[in-house]
Amino acid sequence: MATDYKKELDDLISTVIREGGSDLHLSENRNPTIRVAGSLIPIIKSSKLSKSDMEGIIDQFLNPDNKKKFLDEKQIDFAYNHHTSARFRGNAYFQQGKVSIALRLVPQKIKTIQELNLPAILATFAQKQQGFFLVVGPAGQGKSTTLAAIIEMINTERLEHIVTIEDPIEYIFTPKKSIIDQREIRVDAPDFQTALWAVFRQDIDVVMIGEMRQPETMSTAVTAAETGHMVFSTLHTNSASQTVERIIDSFPAEQQGQIRLQLAGSLLGIFSQRLIPRISGGLIPAYELLINNPAVANVIRDKRTHEINTIIETSSAEGMIDLNRSLVDLVRTGEITIENAYKYSTNPKVLEKLL
């Protein structure tokens, strides 16, 4: 690779954008690789990256302080602006002593709920004044994009003070009816917990936490939801029931009863999503939606979270959405293959009966 690493990186990023890619992977002894519509494609015309190439590229992303943190901690999250045309969320890490980088393209335009093929009922959560709403799913399934659509709807329609706490900042919001402050960890606040505690002194209506990683952050988020704030966040979990269990299990046994009570009272809903290859090309979401009602609150309080799946399956009249039914709808409308429906289902036996 040439030693003009800025130009080389610009060329690679231009390839991602031109090919409609979502991710760029850079690693020593490998060709640069992009992900397009869920599939990884090596860029064969680019030579394999050397150790010095990776050192030159990492210097394009990290300032001296962040580079030191990266070398000390062996991984770091960062954001990167490609001129004015594109923004990337990045993670640099070591594997077998070698530097690797994964870059995710963050679209400039924040799409609407409708444009993302998400259910219209999500808009109702953009109208709530207080409570706790989570968007969950494995990594790379569009959680941040869904949250951005909801926040942008609030920004467009309501006079609110919104604060986002992210590591790094992904979507850049332009204030419309709302005031929006975006705080980046390490740049604007030392950590999620400190930034979240500060919302109690900042006259904030809506808080968006990029990701809940620590029990302390979860606890403060639930408290904020209880005390008149609308709180949105994400978790890397597979389903609504697993999300509730993950939150509760992250606390010591003596605190779990209290967090159950708080969660039962403040939770508004949990939206779980997967991005599935579309027959016509690209990706389309399949999803599950849990809405907290008296039955859900009871099973959370009474340690019966295993019953949440059944409540979702039997509560479509209240707006709840079962993942298997979402998959079946996509198969029947010709959007996805039956094979992919089975691949992404969390309960294939039930899916078989519905198909």
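The values are calculated or read from the model by the stated rules, or taken from the named source; none is laboratory data. As the structure is a computational prediction, the values presented were derived from the model and not from experiment. Methodologically, a virtual Cβ is constructed for each residue, glycine included, from the backbone with ideal geometry; neighbour enumeration extends over all protein chains shown.
Here are some notes:
- Total residues in the range 136-151, condition of a type in the set (A, V, I, L, M, F, W, C) and surrounded by fewer than 20 Cβ atoms within 10 Å (Cβ to Cβ): 1
- Residue in the range 225-235 that is out of contact with any strand residue (DSSP E or B) (no Cβ under 8 Å at 6 or more places or on another chain), of a type in the set (Phe, Trp, Tyr) and closer than 27 Å to Arg304 by Cβ present: no
- Summed over the range 324-340, the residues that are touching a helix residue (DSSP H, G or I) at 6+ places or on another chain (Cβ under 6 Å) and over 16 Å from Lys353 (Cα atoms) give a count of 1.
- Tabulated pairs, the range 174-200, first assigned by TED's automatic domain parsing to the domain that holds Gln127, second among the aromatic types (Phe, Trp, Tyr), C-beta under 6 angstrom, 6+ apart or interchain: Ile180/Phe173
- If you go through the range 103-132 and keep only what is part of a loop (DSSP other than H, G, I, E, B) and among the polar types (S, T, N, Q), you end up with Gln108, Thr112, Gln114, Asn117, Gln129, Gln130.
- Residue match in the range 323-331 (condition: loosely packed, with under 15 Cβ neighbours inside 10 Å and over 16 Å from Gln273 (Cβ atoms)): no
- Some residue of the range 114-131 being among the polar types (S, T, N, Q), surrounded by 14 or more Cβ atoms within 10 Å (Cβ to Cβ), closer than 30 Å to Gly228 by Cβ and touching a residue at least 60 places away in the same chain (Cβ under 8 Å): yes
- Counting only strands (runs of 3 or more DSSP E) wholly contained in the range 205-277, the ones carrying 2 or more residues that are over 30 Å from Lys343 (Cβ atoms) occupy 206-209, 230-235.
- Counted as qualifying within the range 1-85 are the helices (runs of 4 or more DSSP H) with 2 or more residues that are buried (at least 18 other Cβ atoms within 10 Å of the Cβ), namely 5-18, 51-61.
- The residue list Tyr287, Tyr342 contains one member that is of a type outside the set (A, V, I, L, M, F, W, C) and assigned to a helix (DSSP H, G or I), which is Tyr342.
- Among the residues of the range 123-144, those identified as in contact with a Leu (Cβ under 8 Å, 6 or more places away or on another chain) and not aromatic (Phe, Trp, Tyr) are Lys128, Gly131, Leu134, Val135, Val136, Gly140, Gln141, Gly142.
- Asp302 vs. criteria within 30 Å of Glu216 (Cα to Cα), acidic (Asp, Glu) and either exposed (fewer than 13 other Cβ atoms within 10 Å of the Cβ) or in the same structural domain as Met230 (by TED's automatic domain parsing) (or both): yes
- For Ser280, the criteria (1) loosely packed, with under 15 Cβ neighbours inside 10 Å; (2) of a type in the set (Ser, Thr, Tyr); (3) within 16 Å of the chain's Cα centre (by Cα) hold in every case but one, which is (3).
- Filtered by the rule that a residue be over 22 Å from Pro190 (Cα atoms) and free of Cβ contacts under 8 Å to residues at least 24 places away in the same chain, the range 50-67 gives a lone residue, Ser52.
- Of all residues making up the range 152-179, the number that are closer than 15 Å to His229 by Cα and either surrounded by 21 or more Cβ atoms within 10 Å (Cβ to Cβ) or acidic (Asp, Glu) (or both): 6
- Matching residues, the range 150-178, being farther than 18 Å from Gln130 by Cβ and either in a strand (DSSP E or B) or among the β-branched types (Val, Ile, Thr) (or both): Thr156, Glu166, Ile169, Ile172, Thr174
- All positions within the range 297-313 that are in contact with an Asp or Glu (Cβ under 9 Å, 6 or more places away or on another chain) and over 17 Å from Gln256 (Cβ atoms): Asn309, Ile312, Glu313
- On inspection, Leu147 fails the criterion of being aliphatic (A, V, I, L, M) and part of a strand (DSSP E or B).
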